[in-house]
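Below is one structure; the comments refer to it alone.
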Amino acid sequence: YRIAEQHRLRASAGHGYRPPYFGELYLFTPPSFVGNPDLVPETANTYNAGYSWAGPRAQISADYFHADVTNGITFDLSGLPFTYANLREYTSQGVNLSGSVALGGGFTPSVAYTYTNREDAAGVKIGGIAEHATMVKLLWMHERSGIRANIRGDLVSALPPATHNRPSTRFAT
């Protein structure tokens, strides 16, 4: 929804379904990693809302996201060989923030930050994804020739394993 020329509000809701892909099911690279043919599809109900402002040389945006996930597919790093596992139900929510500004000479620096909190109904944290992730990028573009180059850096917090929230029994297929 456009509030004014440079201001926009957005919102969405959806239901997602993701079956395990071939490698998650059948990857075979012993002794370190094997697939898990017992995986079941991941489903999620998702909601998000956000705001963006875009001026002639700069833009910013902020978004909130929330997902209620069932059977989330993640890495299982609890033993060798590593594999994939389904997680029980959990909630994933957080914020995405980003901004950029067009400087002279074709340079456009930008920064983006994401905070993600994943936990089950009892409030137990779910690992498997970084809680904090920041990206910084410097883009250079020569408009007449169409040449573009960029340098990018990512800073990501520790990635805790997600296996402590696995069901104690395998799913029936």
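The values are calculated or read from the model by the stated rules, or taken from the named source; none is laboratory data. Since the structure is predicted, the reported quantities are computational estimates derived from the model, not experimental observations. Here the Cβ is made from the backbone with ideal geometry for all residues, glycine too, and neighbour counts use every protein chain on show. Accessible surface is based on the protein model in full, side chains and every heavy atom, while ligands, DNA and RNA are left aside. Shrake-Rupley method; radii C 1.70, N 1.55, O 1.52, S 1.80 Å.
Every residue, every condition in (1) under 30 Å from P41 (Cα atoms); (2) of a type in the set (A, V, I, L, M), yes or no:
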| residue | (1), (2) |
| --- | --- |
| G55 | no, no |
| T83 | yes, no |
| L87 | yes, yes |
| N96 | yes, no |
| E119 | yes, no |
| L138 | no, yes |
| E143 | no, no |
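Closer than 27 Å to N36 by Cβ, modelled with pLDDT of 90 or more, out of contact with any helix residue (DSSP H, G or I) (no Cβ under 8 Å at 6 or more places or on another chain) and of a type outside the set (S, T, N, Q): does that describe V95?
No.
If I go through region 103-117 residue by residue, how many of them are over 30 Å from S145 (Cβ atoms) and touching a Gly at 6+ places or on another chain (Cβ under 7 Å)? Show your work before the answer.
The initial filter retains those residues of region 103-117 that are over 30 Å from S145 (Cβ atoms), namely 113-117.
From what's left, touching a Gly at 6+ places or on another chain (Cβ under 7 Å): 114-117.
Adding up the residues that qualify gives 4.
Scan region 17-38 and report the pairs whose first residue is touching a residue at least 40 places away in the same chain (Cβ under 8 Å) and within 14 Å of P81 (Cβ to Cβ) and whose second residue is open to solvent by less than 60 Å² (accessible area, probe 1.4 Å) and among the β-branched types (V, I, T), with Cβ atoms within less than 6 Å and a gap of 6+ or a chain change.
Pairs found: V34/T83; N36/T83.
So which residues in region 71-109 are of a type in the set (A, V, I, L, M, F, W, C), part of a strand (DSSP E or B) and open to solvent by less than 30 Å² (accessible area, probe 1.4 Å)?
I73, A85
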